[in-house]
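Here's the structure, in structure tokens; my notes come after.
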Amino acid sequence: MTENKGQENWVPKIVGIVCNWCTYAGADLAGISRIQYPPNVRLIRVPCTGRINPFYVMKALQEGADGVLVSGCHPGECHYLTGNLSARRKFYMLSNFLSYIGLEKDRVMFTWCSAAEGERFAKVVKGVTERVKALGPASKLVKHL
Amino acid sequence: MEKQIRETAKELLAGKKVDVIIGYEQGTLPLQATPCFIDNVDDADKLVWNAFCSQNLAKYVHDVIHRHKESQVRVKPEERTKKIVGVVARGCTTRSLVIHLQERQYSRDEIVIIGVPCTGYVSKKKAAIRVDGAEILGSAVSGNDIVLTTAGGDTTAPLQELLSDSCLTCRFNNPIIADVTVGEPAPPMNVDAEYHDVVKFENLPDEERWAYFTKEMAKCMRCFACRNTCPSCYCKVCFAEQSQPNWVGVGVDDTDVQMFQLMRIFHMAGRCVDCGACVEVCPMGVDLRKFLKKLDKDGFELFQSRAGADMEKPPILSSFAMEDRQEFIYEPEEHA
């Protein structure tokens with residue numbers, strides 16, 4: 001993922017880890033509704049945010065992602081009832097911990113986005129991309145081969 | 001106290017209440033008591049209790065019980081036996097035992113806890129600094145002082161100054177759960193200062209924190225001593241050695257080391273009891289506590305729970321509530 005680093009026309013690469021039932025469907029809706037949003041997010045579909053191992057986020061950063069976005073169903077709307085509630089605790093701790101070791105706060109973002117919120121999804125991607133662009137290419141935790 | 005521990009151990013062994021007692025014996029090196037396994041009454045006099053008992057014995061409880069369980073796999077179900085383990089446990093050790101019990105690693109009737117109030121153990125690193133890195137040939141505690149013997153003579157220091165950082169601000173120096181308690185409850189430590197280090201670090205700018213993190217992690221040579229001594233690290237296959245997926249690269253890249261530490265430390269969220277065992281065994285002196293303590297602080301501030309402090313309270317990451325805080329959730333700006 002590091003091939004376009006150091007180039008003048010750098011654009012961020014953002015890994016979006018999203019849940020199958022809400023955010024992935026939301027992204028689909030944004031697509032079929034023809035809403036424009038930046039093409040910088042690569043989505044990874046997982047069954048539920050509760051299934052996301054915090055290691056995924058760390059590993060994505062090491063492999064060269066400039067930003068990581070995690071999104072799932074709103075609390076109370078989880079397809080598996082409580083998956084996103086346990087995810088919420090996990091990611092609160094993770095978010096605090098990553099900024100504690102000195103990682104920029106905006107590199108790793110968490111949000112909720114339901115299947116009906118195509119517009120919100122586009123806004124989220126736009127917002128996250130802008131923030132990561134403002135930070136510039138990732139340098140911390142990135143493995144250089 | 002030592003005498004009482006020996007008496008209790010003898011009683012338990014003689015009464016066939018336990019198969020083995022895990023405690024500390026006189027170590028072969030100064031400043032270090034060695035964990036020992038006592039399975040007959042005559043050996044019980046080996047047990048010691050002093051300011052050099054730095055290891056967290058819950059680790060061995062888990063090891064012994066699980067090794068026994070594995071040995072029973074090929075035995076007919078009706079002939080399987082249970083191994084009852086007795087353990088000499090101070091506050092942090094009992095917290096680790098609580099975590100094991102909550103994580104259903106073994107049942108309460110498989111362990112007998114000899115609770116010991118604790119006044120802290122000596123940090124080998126602080127002792128080494130005290131004698132300017134000279135080799136310590138002997139150590140003895142007399143009253144509130146500790147005498148360190150080196151080739152250049154004796155150094156006397158107040159015991160309080162050489163206690164491990166975890167002990168100085170320890171909140172749970174008396175056992176949380178115990179079947180037998182020996183001695184008088186220990187006086188409280190300086191709990192108000194518990195998070196001072198963390199708060200100070202939190203207030204530094206990003207770049208300084210990152211510089212400190214990379215500096216500390218650059219020392220790590222991945223000997224895995226911290227993992228091997230940690231009672232909460234009991235996975236049969238550790239992510240650090242897993243190859244599918246390959247979480248941690250085997251190369252010498254700085255980020256591989258950072259990734260190992262980051263993942264191991266984060267694995268301790270809601271599970272680290274701040275016993276200081278990892279810090280004590282680290283041969284490179286990595287400041288692990290600075291990062292582990294942050295998880296403890298967050299766990300308490302966000303979810304009002306401390307690891308292993310209460311048998312009834314589930315670990316923070318194994319439970320949830322609808323009304324949990326979620327300020328960290330990103331809300332897209334309206335203009336976007």
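A few notes on this one:
- One residue stands out among those in the range A:112-125 that are open to solvent by 10 Å² or more (accessible area, probe 1.4 Å) and in a helix (DSSP H, G or I): the one that is nearest to the other protein chains (Cβ to nearest Cβ), which is A:Lys123.
- Just one of (1) over 16 Å from the mean Cα position of the chain (by Cα); (2) crowded, with 20+ Cβ neighbours inside 10 Å; (3) not charged (D, E, K, R) fails for B:Cys278. It is (1).
- B:Lys219 farther than 19 Å from B:His100 by Cα and away from chain A (no Cβ under 13 Å): yes
- When A:Val142, A:Val128, A:Val132, A:Val70 are checked against the criterion of being facing chain B (nearest Cβ under 8 Å) and either touching a Phe, Trp or Tyr at 6+ places or on another chain (Cβ under 7 Å) or not in a loop (DSSP other than H, G, I, E, B) (or both), A:Val128 stands alone in meeting it.
- Selection within the range B:1-52 - crowded, with 20+ Cβ neighbours inside 10 Å and of a type in the set (S, T, N, Q): B:Thr8
- Among residues of the range A:6-29 that are more than 16 Å from A:Glu119 (Cα to Cα) and open to solvent by less than 30 Å² (accessible area, probe 1.4 Å), those with a Cβ under 6 angstrom from a residue that is among the polar types (S, T, N, Q) and part of a helix (DSSP H, G or I), sequence gap 6+ or separate chain, pair up as A:Cys19/A:Thr49.
- Considering the conditions (1) touching a residue at least 40 places away in the same chain (Cβ under 8 Å); (2) closer than 14 Å to A:Met58 by Cβ; (3) at the interface with chain B (Cβ under 7 Å from one of its Cβ atoms); (4) touching a Lys or Arg at 6+ places or on another chain (Cβ under 8 Å), A:Met109 is excluded by exactly one of them, (2).
- With respect to the conditions (1) more than 11 Å from chain A (Cβ to nearest Cβ); (2) within 27 Å of A:Arg107 (Cα to Cα), B:Phe291 falls short on a single one, namely (1).
- Members of the range B:284-309 that are open to solvent by 20 Å² or more (accessible area, probe 1.4 Å) and not in a loop (DSSP other than H, G, I, E, B): B:Arg289, B:Lys290, B:Phe300, B:Glu301
- A:Ala60 open to solvent by 10 Å² or more (accessible area, probe 1.4 Å), among the hydrophobic types (A, V, I, L, M, F, W, C) and more than 19 Å from B:Arg325 (Cα to Cα): yes
- Conditions (1) within 30 Å of B:Asp165 (Cα to Cα); (2) free of Cβ contacts under 8 Å to residues at least 60 places away in the same chain: number failed by B:Lys76: (1)
- Take the conditions (1) in contact with a Phe, Trp or Tyr (Cβ under 9 Å, 6 or more places away or on another chain); (2) at the interface with chain A (Cβ under 10 Å from one of its Cβ atoms); (3) open to solvent by less than 20 Å² (accessible area, probe 1.4 Å); B:Pro245 misses just one of them, which is (3).
- When the range A:79-106 is filtered for residues that are assigned to a loop (DSSP other than H, G, I, E, B) and more than 9 Å from chain B (Cβ to nearest Cβ), the ones remaining, listed by number, are A:His79, A:Tyr80.
- Flag if B:Glu312 is away from every other protein chain (no Cβ under 12 Å) and in a loop (DSSP other than H, G, I, E, B): yes
The values are calculated or read from the model by the stated rules, or taken from the named source; none is laboratory data. Computed from a prediction, not measured in an experiment: that's the story for all the values here. Heads up, the Cβs are rebuilt from the backbone with ideal geometry, glycines too, and the neighbour counts pull from every protein chain shown. We work out accessible area using only protein heavy atoms, side chains counted, and drop any ligands, DNA or RNA first. Shrake-Rupley method; radii C 1.70, N 1.55, O 1.52, S 1.80 Å.
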